[in-house]
Every structure is written in structure tokens, then in C-alpha cells.
1. Determine, for each peptide in 25-32, 3-10, the mean count of other beta carbons within 10 angstrom over its residues, then list the peptides with the highest first.
2. For region 7-54, go through all pairs of different Cα atoms, get the mean of 1/r, take its inverse, and jot down that Kirkwood value in Å.
3. Please sort 39-45, 13-19 by packing, taking for each peptide the average over its residues of neighbouring beta carbons within 10 angstrom, highest first.
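None of the figures in this text is laboratory data; all of them are computed from the coordinates on show. Because the structure is a prediction, the values reported are computed rather than measured. Every residue, glycine as well, gets a Cβ built from its backbone with ideal geometry; the counts of neighbours run over all protein chains shown.
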């Protein structure tokens, strides 16, 4: 996990509604990355985030969530 950076801000800007697409900006300390987001990727990301947010904590795992 050498190249893992802590995300400090995320933005989503719609660039088209047909087909649905957006630009996602992910800001970490010292850098900002931008990615094109399609509807298919957004739906998969929602599924993964829902699974992440609803998982049961494991022994030794921090269960506190960060507030926006």
C-alpha cells in the first residue's frame, strides 16, 4: 500500500445527460486527479460503496465513519 493516498475532497460535475457522464475530481494532499465517469461505472461504484458502508465491523476494525 505504498501508493495509497488519503482522499480529502471529491467532486462530481455532470458533463452530459445523454449519454450520462461526468468528471470526478479526487483531491489528495499535494495532488488532484480527474476522471471521466460513465453511468455504468457510477452504478458499479454505488454498489461497491453501499457494500462498504453497510458491512459489519470485524474484530479490531475501526467502526467510526467520517462525517462530511
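1. Highest to lowest by the protection proxy: 25-32, 3-10.
2. 11.7 Å
3. Working: 39-45: 12.1, 13-19: 8.7.
Descending packing order for the listed peptides: 39-45, 13-19.
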